[in-house]
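A.B. asks: Structure incoming, see below.
Derivation of every value follows stated rules applied to the coordinates shown; laboratory data play no part. Quick caveat: nothing in here was measured; it's all calculated off a predicted structure. We place every Cβ from the backbone using ideal geometry, glycine too, and count neighbours over all the protein chains shown.
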């Protein structure tokens, strides 16, 4: 796995453990709600991750973009599918999303590269 992909995943896991370890009922419920919202339901997981990625780009949350890109990669979305998500997000969010698009493309490429390094 590339260094930034590994660093992101390790940091996220470490901080989630610390946050959940504080045993705050409201935060635990928010994390649980987030987990359950992306489970299979009337919409399949792929569709939910597509929506999550587009929304995260429009909201300009780089950590969320990385998370949803990772999930899209795990669900085997193609480059064409991801770039269509990027295009919709940039259309809706406007040109202010372009810097986040650059970082998203970089992270997507690192995810794909980590796949070939794992073989």
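A.B. asks: Apply the a/c threshold of 1.5 to the C-alpha gyration tensor of region 3-117 and tell me whether it is rounded, prolate or oblate.
C.D. replies: Working: a/c = 1.59, a/b = 1.36, b/c = 1.17.
The shape class here is prolate.
A.B. asks: Return 70, 6, 116 ranked ascending by Cβ neighbour count within 10 Å, so the fewest neighbours appear first. Don't jump to the answer; show the numbers that get you there.
C.D. replies: Numbers: 70 19, 6 12, 116 7.
Ranked by crowding around the Cβ, least crowded first: 116, 6, 70.
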